[in-house]
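What follows is a single structure, written as structure tokens, with notes after it.
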Number of protein chains: 2
Amino acid sequence: MHSTAEENYIKAIYKLSGGGTNAVSTTGLSETLQTKPASVSDMLRKLSAKDLVHYVKYHGVQLTAEGQRVALKIIRKHRLWEVFLVQKLHFTWDEVHEVAEQMEHVKSELLIQRLDEFLGHPRIDPHGDPIPTEAGELREEEQRVLASLAIEQKGVVCRVKDSQPAFLQYLNRVGIQIGTQLQVVDKIPYDNSLEISINKSKSVILSSDVLEKIFVINP
Amino acid sequence: MHSTAEENYIKAIYKLSGGGTNAVSTTGLSETLQTKPASVSDMLRKLSAKDLVHYVKYHGVQLTAEGQRVALKIIRKHRLWEVFLVQKLHFTWDEVHEVAEQMEHVKSELLIQRLDEFLGHPRIDPHGDPIPTEAGELREEEQRVLASLAIEQKGVVCRVKDSQPAFLQYLNRVGIQIGTQLQVVDKIPYDNSLEISINKSKSVILSSDVLEKIFVINP
DNA sequence: ATTAAAGTTTAGGTTTGCCTAAATAAATTT
DNA sequence: AAATTTATTTAGGCAAACCTAAACTTTAAT
């Protein structure tokens with residue numbers, strides 16, 4: 001099997017390339033992985049030798065078909081563990097990531113099959129991100145960015161794009177979670193912020209930055 | 001924190017020393033850990049520098065108080081995960097160990113607290129071994145080895161001393177699990193084997209080797 | 001009490017995954 | 001188009017955790 005380090009590189013390449021197709025830069029990877037560019041070059045040579053990536057010196061990397069398969073498996077594990085932590089162990093959004101990051105590297109096909117079953121085959125994780133199927137397929141639902149809603153339009157939060165603790169804690173304070181009912185009360189053209197009512201009660205004003213990170217589906 | 005390798009050494013020392021008090025040999029450790037004696041010497045120097053063990057060259061190791069604390073924490077994690085795998089994910093006895101061996105190294109206090117709560121604060125694992133408390137205490141129940149029962153005496157399986165897949169599969173075939181009701185039907189003095197009835201029905205003959213590995217409590 | 005055998009440690013080497021510093025390639029400016 | 005800046009790679013090293021082979025202790029046997 002692959003080492004934890006290899007798996008983390010593959011996951012990072014997958015994420016930076018937005019699904020595996022676009023080429024990813026050495027510096028980008030080094031930032032995501034908190035390592036130096038030289039270390040990335042090192043690892044890319046190794047991953048290339050294992051045919052997990054297409055690597056052309058000085059011109060970035062892409063995942064091979066096999067690399068994508070591996071990436072989706074890791075993401076599946078990560079997201080299933082996140083669902084477990086939130087739904088069964090009552091972790092909050094912002095406590096989940098670090099732990100799931102460790103659990104995703106546990107090697108056992110049976111474990112993941114059984115976990116999936118135990119959780120009732122969930123389709124999205126606590127951040128609203130889709131969970132790849134056992135076959136390695138990612139089925140997306142139609143989502144709109146909160147910033148795109150018109151006045152009076154409603155939506156249910158299905159996803160946030162930023163999983164940094166500070167951001168998740170902010171959303172908790174405001175009262176926004178996956179599943180929260182939102183409605184646009186007013187638009188403030190000055191800075192593109194919106195006044196949003198949360199669960200049909202209190203309303204808050206969200207900056208355009210935040211509005212771009214929250215996704216909703218039809219209620 | 002400690003590395004996975006360090007944790008495995010500490011666990012092995014704890015087990016071989018029967019709770020931390022007796023000195024353990026380099027060869028013993030190398031066999032348990034499937035490494036060479038030279039590698040063990042290496043690691044013992046490191047663990048000693050971290051004050052996790054008392055190590056006197058050529059005269060074996062013991063865990064320090066801190067080392068014992070660490071050992072019990074790892075064992076607690078391992079056994080809680082085993083309970084989870086068996087009770088929630090319907091793993092069988094013999095599928096559990098390898099996976100728990102990986103999960104026990106996940107670092108998160110909160111995770112273990114919540115897992116313990118989720119499982120209802122279990123006192124023994126699926127092998128009947130006691131689960132150390134959060135405070136690091138091991139409370140034992142009175143147990144007898146199956147080999148020590150007289151004819152007609154009864155017991156409930158609470159523990160087996162061997163967790164090798166082959167042995168656990170053998171017990172599964174025979175129909176013995178934690179919680180199984182046993183009764184001694186007859187003694188065979190020739191080789192110290194016993195005829196045992198299982199759950200008040202079918203009876204089998206167990207060798208003295210096997211009898212030494214199964215523990216029971218009063219029914 | 002020697003000597004032989006068994007157990008243990010040291011010395012020196014390997015792989016993995018990282019590092020810094022120097023060299024090289026690509027992109028951007030002028 | 002040449003020069004400079006930025007990005008990337010190579011070279012050489014380091015720590016962890018393992019290895020083999022050689023040296024050294026301890027134990028057991030004579």
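Any read-out appearing in this document is the output of simple, stated calculations on the displayed coordinates, not a laboratory observation. Being a predicted model, the structure only gives us computed values, none of them experimental. When we count neighbours, we look across all protein chains shown, and the Cβ atoms used for this are built from the backbone with ideal geometry, even at glycine.
Please get the size of the charge dipole for chain B, origin at its Cα centre, with Cβ charges of +1 on Lys and Arg and -1 on Asp and Glu, quoted in debye to the nearest 20.
Taking the Cα centre of chain B as origin, the dipole is about 180 debye.
If you take the alpha carbon radius of gyration of segment B:144-217 and divide it by 2.2 N^0.38 Å, what ratio comes out, to two decimals?
Rounded to two decimals, the normalised Rg is 0.97.
Say R0 is 41 Å: what FRET efficiency, to the nearest 0.05, do A:K161 and B:H54 get from their beta-carbon distance?
E(calc), rounded to 0.05, equals 0.20.
Among A:S197, A:L47, A:I13, which residue has its Cα positioned farthest towards the positive end of the charge dipole of chain A, with +1 placed on the Cβ of Lys and Arg, -1 on the Cβ of Asp and Glu, and the dipole taken about the Cα centre?
Going by the Cα projections, it comes out as A:L47.
Copy-to-copy spacing for B:V174, label 7 Å out on the Cα-to-C-beta vector, in nm, shortest first?
6.3
Tell me, what HN-Hα J-couplings in whole Hz come from the Karplus equation 6.51 cos²θ - 1.76 cosθ + 1.60 at θ = phi - 60° for each residue of segment A:75-89, using x for Gly and Pro?
5, 4, 4, 4, 6, 5, 5, 4, 4, 4, 4, 7, 7, 9, 9
Output the Cα-based Rg and Dmax of the protein assembly as shown in Å, rounding Rg to one decimal and Dmax to a whole number.
Cα only, the protein assembly as shown: 27.0, 95 Å (Rg, Dmax).
Show the residues, 5+ positions off or on another chain, whose built amide H is closer than 5 Å to the amide H of A:V106.
Long-range HN contacts for A:V106: none found.
Can you flag which of B:K11/B:K88; A:K88/A:K200; A:K77/B:K11; A:K154/A:K200 are past 20 Å Cα-Cα?
Long pairs (Cα-Cα over 20 Å): B:K11/B:K88; A:K88/A:K200; A:K77/B:K11.
Return the Rg/Rh value of segment A:4-63, two decimal places, where both radii are evaluated on C-alpha atoms and Rh is the Kirkwood radius.
Using only Cα positions, Rg/Rh for segment A:4-63 is 0.89.
FRET efficiency for B:R45 and B:R139, Cβ-Cβ distance as r, R0 = 41 Å, nearest 0.05?
Between B:R45 and B:R139 the formula returns 0.75.
Determine the gain in length on full extension of the stretch B:H90-B:E212; use 0.36 nm per residue of separation and subtract their C-alpha separation, reporting nm with one decimal.
41.2 nm
Can you pull the Kirkwood radius for chain B, inverse mean 1/r over Cα pairs, to one decimal in Å?
18.8 Å
Would you list, by chain and number, the lysines whose Cα falls below 16 Å from the Cα of B:K213, excluding same-chain residues fewer than 8 positions away?
In chain and number order, the partners are B:K15, B:K161.
Every other copy gets compared here: list the nm distances from the B:D191 label point (7 Å along Cα to Cβ) to its counterparts, shortest first, one decimal.
Distances to the matching label points in the other copies: 8.4 nm.
Calculate, for B:Y170 and A:K107, the FRET efficiency according to 1/(1 + (r/R0)^6) with r their C-beta to C-beta distance and R0 30 Å; round to the nearest 0.05.
The calculated FRET efficiency here is 0.70.
Enumerate the calculated ³J(HN,Hα) couplings along segment B:40-49 in order (Karplus 6.51 cos²θ - 1.76 cosθ + 1.60, θ = phi - 60°), each rounded to whole Hz, writing x wherever the residue is Gly or Pro.
Values per residue, Gly and Pro as x: 5, 3, 3, 5, 5, 4, 5, 5, 5, 4 Hz.
Charges only on Cβ, +1 for Lys and Arg, -1 for Asp and Glu: so what's the dipole of the protein assembly as shown about the Cα centre, in debye to the nearest 20?
The dipole of the protein assembly as shown has a size of about 260 debye.
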